[in-house]
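These notes concern the structure reproduced below.
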Amino acid sequence: MGTTHDAEDDIRNEDILIYVNGALKPRAEAVVSVYDSGFLLGDGMWEGMRLYGGKWAFFDAHMDRFFDSCHAVSLDPGMDRAGILEALTMTAEANGMTDNAHCRLMLTRGVKAKPFQHPSLSRSGPTLVIIMEHSTPSTDLQQKGIRLAAVPQVRGLPHAQDAKFNSHSKLNCVIACLQAEAAGADEALMLDPLGFVNTTNACNFFIVRKGQLWTSTGDYCMNGVTRAKIIELARKNGIPVFEKNYSLYEAYSADEAFLTGTFGAQTPVASIDGKPIGDGNRPIMQRLQQLYKAAIAKDTGASL
Ligand SMILES: Cc1ncc(COP(=O)(O)O)c(C=O)c1O
């Protein structure tokens with residue numbers, strides 16, 4: 001069983017230092033209260049970012065999403081983006097990381113006075129945690145691709161829990177992932193409430209048909225930083241790209257399909273519901289991978 005977040009094993013991750021509210025703690029001591037809003041309710045927001053040549057790729061786009069999400073749920077980070085960058089830098093330096101490193105930046109509403117829901121019970125906080133790990137995505141997956149299963153769990157309407165929130169509560173996605181696993185697949189392909197193909201449980205989803213790149217309208221999926229970058233790069237480089245409704249019918253017979261996310265960049269899809277996608281050649285995805293790599297190099301100054 002593979003997942004899009006498969007990384008090469010790295011023993012050094014046993015000894016990382018984790019940022020917890022300004023302190024750097026060894027992994028075993030990096031803990032938060034059982035009264036924490038994140039633990040009790042999934043009441044928090046997070047970002048996944050990667051470090052290239054000591055710089056966080058597309059930092060501003062990640063911070064735009066992070067601060068917009070926090071603002072939308074009245075969660076005060078207690079610091080501006082320069083403060084967040086300082087905390088990230090402190091964590092990266094403490095771990096001696098400059099490349100092939102992934103962080104999960106997590107902010108919750110803090111420690112509650114009682115184990116109940118009301119936000120006003122979150123009286124001390126917020127809680128800010130940064131886990132940084134040495135991380136190199138599995139090269140194996142680039143060759144063999146990922147197996148998807150379309151699952152019954154759908155993406156919700158924005159007035160239930162907007163899929164744009166990168167919230168600690170990922171139960172909708174976790175249920176989808178369990179369904180995919182039960183179907184013998186690696187990851188779930190999720191539909192929108194009308195039955196159109198939307199996203200996977202952890203990444204955004206694209207197909208290629210006759211040289212055109214298609215992805216969902218974006219109405220029910222994470223506003224992925226990688227998704228936006230791929231759309232921008234396709235537009236700039238003469239690859240016709242459409243954000244539109246389409247069904248499994250068109251996904252099954254796509255020439256190529258791939259996922260996007262900060263961790264894996266672009267991950268090819270081998271099959272959907274057991275049906276192989278295309279003939280195994282992925283010229284458009286590979287072109288976009290090169291363009292994406294160049295965009296990261298430009299953004300971070302790293303030589304890739
Ligand atoms: C459900 C979901 N879709 C897509 C993504 C990919 O987003 P990004 O490209 O910003 O990493 C994520 C990552 O947080 C996610 O949780």
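The values are calculated or read from the model by the stated rules, or taken from the named source; none is laboratory data. Bear in mind the structure is a predicted one, so any value in this text is a computation, not a measurement. Counting neighbours? That spans all protein chains shown, and the Cβs are built from the backbone with ideal geometry, glycine included.
Just to check your reading of the model, which residue among Gly280, Gly274 is farther than 28 Å from Tyr52 by Cα, surrounded by fewer than 20 Cβ atoms within 10 Å (Cβ to Cβ) and at pLDDT below 95? Break it down into steps so the answer makes sense when it comes.
Values: Gly274 fails: at pLDDT below 95.
Every option except Gly280 fails the conditions.
Pairs are defined by a Cβ separation below 9 Å, a sequence spacing of at least 6 or placement on different chains, a first member in region 145-161 that is assigned by TED's automatic domain parsing to the domain that holds Phe206 and surrounded by 14 or more Cβ atoms within 10 Å (Cβ to Cβ), and a second member that is basic (Lys, Arg) and outside any strand (DSSP E or B); the pairs so defined are Gly145/Arg282. Checked against the criteria, Val197 counts as closer than 19 Å to Gly274 by Cα, of a type in the set (A, V, I, L, M, F, W, C) and over 16 Å from the mean Cα position of the chain (by Cα).
When region 7-29 is examined, which residues are found to be touching a strand residue (DSSP E or B) at 6+ places or on another chain (Cβ under 7 Å) and more than 20 Å from Leu85 (Cα to Cα)? Hits for region 7-29 are Ala7, Asp10, Arg12, Asn13, Pro26, Arg27.
The selection criterion, being more than 10 Å from the ligand (Cβ to nearest atom), more than 21 Å from Arg282 (Cα to Cα) and either among the acidic types (Asp, Glu) or assigned by TED's automatic domain parsing to the domain that holds Phe58 (or both), holds for Asp219. Would you check if Leu128 is modelled with pLDDT under 95, surrounded by 16 or more Cβ atoms within 10 Å (Cβ to Cβ) and closer than 30 Å to Glu14 by Cβ? Judged against the criteria, Leu128 is not a match.
The combined condition, being among the β-branched types (Val, Ile, Thr) and surrounded by fewer than 20 Cβ atoms within 10 Å (Cβ to Cβ), is fulfilled by Ile239.
For region 223-242, a residue qualifies if it is over 21 Å from Gly278 (Cα atoms), within 16 Å of the ligand (Cβ to nearest atom) and in contact with a helix residue (DSSP H, G or I) (Cβ under 9 Å, 6 or more places away or on another chain), and the qualifying residues are Asn223, Gly224, Val225, Thr226, Ala228, Lys229, Glu232, Leu233. When restricted to residues that are among the acidic types (Asp, Glu) and either within 14 Å of Ile146 (Cα to Cα) or touching a strand residue (DSSP E or B) at 6+ places or on another chain (Cβ under 9 Å) (or both), region 269-286 contains 1.
Consider Thr200 carefully, then state whether it is within 11 Å of the ligand (Cβ to nearest atom) and not assigned by TED's automatic domain parsing to the domain that holds Trp46. In short, yes. Scanning region 32-60 for residues that are among the β-branched types (Val, Ile, Thr) and surrounded by 13 or more Cβ atoms within 10 Å (Cβ to Cβ) turns up just one, Val32. Summed over region 294-304, the residues that are touching a strand residue (DSSP E or B) at 6+ places or on another chain (Cβ under 8 Å) and either exposed (fewer than 14 other Cβ atoms within 10 Å of the Cβ) or at pLDDT 95 or above (or both) give a count of 6.
Output the residue which, of all residues in region 161-185 that are aliphatic (A, V, I, L, M) and part of a helix (DSSP H, G or I), is farthest from Ala254 (Cα to Cα). Looking at the filtered set, the residue picked out is Leu171. Within region 1-49, the set of residues being closer than 23 Å to Leu178 by Cα and in a strand (DSSP E or B) comprises Ala7, Gly44, Met45, Trp46, Glu47, Gly48.
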